[in-house]
Structures are given as C-alpha cells and as structure tokens.
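Enquirer: Mind having a look at this structure? Questions to follow.
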Amino acid sequence: MLSVRRRWTVLAVCCLSMFLVGLDTTVVNVGLPAIGRGLGVDTRGLEWIVDGYTLVLASLLISSGALADRFGRRRVFQCGLAVFGAASLVCALAPSAGVLIAARALQGVGASMLSPVALAIVVNAMPDPKERARAIGIWASVFGLSMAAGPVTGGALLAGLDWRALFWINAPVIAAALLLSAVFVPESRAARARRLDLPGQVLLTLVLALVVGVLIEGPRIGWTSPGALAGYVGAAAATVGFVWVESRRKEPLMDLRLFRRPVFGGAVLGAVVVFVALNTTLLLNTLYLQHTRHWSPLAAGLATLPLAVGATVCAPWSGRMTGRTGPRLPLLLAGGFITAGGLCLVRLTPHTSVLLLLAAYLLIGIGFGFANAPITDTAVNGLPPARAGVAGAITSTARQLGAALGIALAGGLITGAEPTGLAQASRPGWILVAGCGVLLFLVARTSRPSQTTTTDPASPRAR
C-alpha cells in the first residue's frame, strides 16, 4: 500500500493532467470569434473545431480505459500526454480550418488516454472508501475548475496574444506532467484485462459522429433534406447495431448490463445533462458578449469568473457531502442552482443587466460544482477497483457526449442569427439549460447513499 503522502501526490499529478484536458475542452470557446476571423470560418465551422475534439474524446474513452487495464495505466497515461502535446503544437501552427479540426481530433485521441485512466489510477491508489470519496471530490473539483476556468484563461491569453496561444500554453504543462508521472505514479493494471471490442468501437464512433453531425449540419442543409434524413436513418441503424453487437459479446466495449442498475444509468444521464448545460452556457455567453455587446475576449472570459468561482468552491464541498451522506443532496442542489441560472436568462435581450448575467453564471457554476462529485461517486461506487476504469470511462464518455451535444444544440439555435438578433435566438438555449437542471432532480431520485462493495454488478451473482 502506498503511503499517505504518496497517495495524495499521485492524486495531484492526475489532477494536473485532468486540468489540462478540461481546460482544452472550453478554453477554445472564448477564442472562437478570433479563430473565425483568422481562418475565415463561419459558426458551423467553429462548432466543428470544438466538437472535433470532444467527439473523438467521447468515442475513444472506453477503449483507452481497456488499453490501460491491459498494458498498464501509467504507460497509457504517459502516451496520452505525448499525443496530446504533439497535437497541441499542430493546432498552434495550423494554417487552415481543416488542419485545425484534424489536429483537434488528434488532441481528442491523446485526451482519451488521460481522463478515465487518471480516475482509475486515483481509485486504485485510495483503498479506503472515505478517502476515495474525498479524492474523487478533489478530482471533480479540479476537472470542474478547468472546464469553468477555460474562458477566463483564454480571454487572458487573447488580451495580449493571438488565438494560437490557446494551444502553445499546453506545452509546459505536458512536460511537467510527463516528468511527475514518471517519478510518482506507480504502474497498475487490471487483474484480468478485457479484450478490445473493435466492432463496438467503430459503431459507437459512428453513432456519436452521426448524431452530432446532423445537429451541426442540420441548420445548413435543412432538417428534412435527403442528407439529414440519411443521417437520422444512419444514426438509428448504428445505434441498433451497437446494442445488438454489445449484447452478444463476452467482453463488450460498453457493458449494457450496467445500465440495468437505475443508479448507474442515472449517473450517466446526469453526466450528459450537466455538460450539455455547461457547454451551452459557455458557447452562448461567448458569442452573445463578443458579437452582440462587442465585449473583448478578456471581458467575455472574465464574465464567466463567477461560474468558475462557484464550481471551484462547491465541488470539494460536494465531495465531502457525498462522502458523508451520499449523492442525493448534492444532486438536488445542483439541479436547483442550474435550473435557476437558466431561468434567469430565458428573456435575454441585447441590454440585459450585467448583474443578472453574472448572477446567472454564478448559479450555473454552483450547480456544476455540486454535480460532478456525486455523479462520479455514484458511477464508480459499487464496482470493484478493477472495474474503475470501465465505470470512469463510461461516465467520462457521457460528459464529453454532453459537451458535444451542448455545442451542437447551442450552435444550431444561433446559426445565421445577426448580432442584434442573437440574444433572442439564444433564448431556447437558456430554456435547455434550465431543463437540464430539472433532469438532475430525476437523477437524484435514482441515487442512494454511497455503499462500498466488491461485487461486480455485471456478474451473475450481482444479477
């Protein structure tokens, strides 16, 4: 067993890498107008620059978790850092939108090796359930902080540099994480590694790409056009194929039997809706403040500071609360605050009070902070440590799917809107944010106080 100091050092190293992954998910948002001007990209292209990263990340998370269980978590973790760093350099040097989107997709490949693997490393380093719950709270706090702090960081960089600085900043963090992981993170792997499920991986990628692709391209090609109809049919067929393949494999990419447990299914749904709400908020905020109100990138980023503060303060509090009483109370709080924040802006105008904007962002940030720890704990709790990579990968996939859906849905609402009409066009987006908060109340109803068990819920005995 690792010493207390070593365990918390491992957590710190994993948190550093997770901060980078989360930051890169949202730091680009505030720079989208600058990227659009620099590379001549419209709103639809900007959506792909964001979702090119999140789609690949969501698609590969589970396979990366399986690779880590088989070949060693530290080894895959370091490989992910290297790929992420190399792709960041290509992003910084990209001469066109096509190259930038491709490099963002490569970043997603590297990031997929970090998120579930980092959580699995933390869970295996923390054998005590209460200590593990606190660690997950800190992990969720750092991840939440990185997501919320992305626009502030991006705005600060753009104040004195161009949009390429959003990617150059990754280099020193990657170098530090590689060095620290080599020194402090122990190697670990599952007692029995799962086989890779290539058919399941291809079908999952196809499902996500078609769903998000239709949402992004729908406003341009028309929702009833032949291309859109083909997308609907393709997404439905790929989903049916994925369920059919996964239900018949001995070692599936995504064990669908886990979803028979309402607690686990609720956690996955919660992860999706929380990140739909967050990414809808960040995209609508960026474009509204910079296009409609003509704020600078720094000012638009600073406007989200209440969101970052709310997430940072409440995430560790939520972790402690989850460890003491279980996930229900923090989930209820998360739902209430996100709903209130969305409702504040359902009548947004070009002249809405700045104080109301900041209050709405603070409420959403508080809700986001309360949500992550109970969702992660609910998904991981009840699984033996050897399955931590699987549970972490599924919930991380759900988060990134939510991020991609949030960007696609928000972008679809405002595509083609003139700056003066953007506020009104975005109103359904704020109703969507409030609706995500309401869904968290339903997720809270499926939760129960955390209990630790070593029984695999997918095993015959658990069924």
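Every number here is computed from the coordinates shown, using simple stated rules; none is lab data. Nothing here was measured: the structure is a model prediction, and the numbers come from that model. Heads up, the Cβs are rebuilt from the backbone with ideal geometry, glycines too, and the neighbour counts pull from every protein chain shown.
Enquirer: Can you report the principal axis dimensions of the stretch 98-234 using only the alpha carbons, biggest first, rounded to whole angstrom?
Expert: Cα spread of the stretch 98-234 along its principal axes, largest to smallest: 55, 49, 27 Å.
Enquirer: How many angstrom separate the Cα center of the stretch 206-250 from the Cα center of the stretch 407-440?
Expert: 22 Å
Enquirer: Test of understanding: express the Cα radius of gyration of the stretch 207-253 as a ratio to 2.2 N^0.38 Å, with N the residue count. Don't skip to the end; give the middle numbers.
Expert: On the way: Rg = 13.1 Å, N = 47, 2.2 N^0.38 = 9.5 Å.
Its radius of gyration relative to the 2.2 N^0.38 Å reference: 1.38.
Enquirer: A further question follows. For the chain, with the dipole built from +1 on Lys and Arg beta-carbon atoms and -1 on Asp and Glu ones, taken about the Cα centre, which of Thr25, Pro186, Ser3 lies farthest toward the positive end?
Expert: Comparing the listed Cα positions along the dipole, Ser3 ranks first.
Enquirer: If you don't mind, there's one more thing I want to ask. Where does each of 402-408, 175-181 land if you order them by average Cβ count within 10 Å, highest first?
Expert: Values: 402-408: 28.3, 175-181: 16.9.
Sorting 402-408, 175-181 by mean packing, highest first, produces 402-408, 175-181.
Enquirer: Of the listed peptides 13-22, 51-60, 89-98, what is their order by residue-averaged count of other C-beta atoms within 10 Å, with the highest listed first? Please report the intermediate quantities before stating the final value.
Expert: Values: 13-22: 24.1, 51-60: 26.8, 89-98: 16.1.
Order by mean packing, descending: 51-60, 13-22, 89-98.
Enquirer: Given 20 °C and 1.002 mPa s, compute D for the stretch 297-368 with the Stokes-Einstein relation, Rh being the Kirkwood radius over Cα pairs; round to the nearest whole µm²/s.
Expert: 167 µm²/s
Enquirer: The stretch 236-315: which trypsin sites (Lys or Arg not before Pro) are DSSP loop and have at most 16 other beta-carbon atoms within 10 angstrom?
Expert: Details: sites: Arg248, Arg249, Lys250, Arg257, Arg260, Arg293; in loops: Arg249, Lys250, Arg293.
Passing sites in the stretch 236-315 are Arg249, Lys250.
Enquirer: Return the equivalent ellipsoid semi-axes of the stretch 77-163 as a descending list in whole Å, where each equals the square root of 5 times an eigenvalue of the C-alpha gyration tensor. List each step's numbers first, then the result.
Expert: Details: eigenvalues 187, 63, 13 Å².
With the √(5λ) rule applied to the stretch 77-163, the semi-axes are 31, 18, 8 Å.
Enquirer: Let me ask another. With +1 on each Lys and Arg Cβ and -1 on each Asp and Glu Cβ, and nothing else charged, work out how big the dipole of the chain is about its Cα centre, in Debye to the nearest 20.
Expert: 1480 debye
Enquirer: Compute the Kirkwood hydrodynamic radius of the stretch 1-133, taking the inverse of the mean of 1/r over all pairs of distinct Cα atoms, and give it in Å to one decimal. Don't jump to the answer; show the numbers that get you there.
Expert: Values: mean 1/r = 0.0636 Å⁻¹.
Computed over Cα pairs of the stretch 1-133, the Kirkwood hydrodynamic radius comes out at 15.7 Å.
Enquirer: Beyond 19 Å, what share of the Cα-Cα pairs of the stretch 259-330 remains, rounded to the nearest whole percent? Can you show the working numbers first?
Expert: Working: 1352 of 2556 pairs.
That fraction is 53 percent.
Enquirer: Alpha carbon centre of the stretch 306-379 versus the stretch 65-88: separation in Å?
Expert: 32 Å
Enquirer: Report relative contact order for the chain in percent, whole number only (criteria: Cα-Cα under 8 Å, sequence separation at least 6). Numbers along the way, then the final one.
Expert: Working: 915 pairs, mean separation 110.7, N = 463.
Computed over the chain, the figure is 24 percent.
Enquirer: What FRET efficiency comes out for Val346 versus Ala102 if R0 is 51 angstrom and r is the Cβ-Cβ distance? Round to the nearest 0.05.
Expert: On the way: r = 38 Å, r/R0 = 0.74.
The formula returns an efficiency of 0.85 here.
Enquirer: Above 27 Å lies some portion of the pair distances; for the chain, what is it as a whole percent of all C-alpha pairs? Walk me through the numbers before you get to the answer.
Expert: On the way: 53108 of 106953 pairs.
When every Cα pair of the chain is considered, 50 percent fall beyond 27 Å.
Enquirer: Still on this structure: Mind putting together the pair-distance distribution for the stretch 207-342? All Cα pairs, 5 Å bins, whole percent per bin, short to long.
Expert: With 5 Å bins starting at 0, P(r) equals 2, 8, 11, 13, 14, 14, 15, 13, 8, 3, 1, 0.
Enquirer: If I model a spin label as a point 7 Å beyond the Cα along the Cα-Cβ vector, how far apart are those points for Arg320 and Asp128 in nm?
Expert: 1.6 nm
Enquirer: Students often check this: by mean Cβ neighbours within 10 Å, which of 212-222, 262-272 ranks highest, and how do the rest follow? Each step should come with its number before you reach the end.
Expert: Working: 212-222: 18.4, 262-272: 22.2.
Taking the mean over residues of other Cβ atoms within 10 Å, the ranking is 262-272, 212-222.
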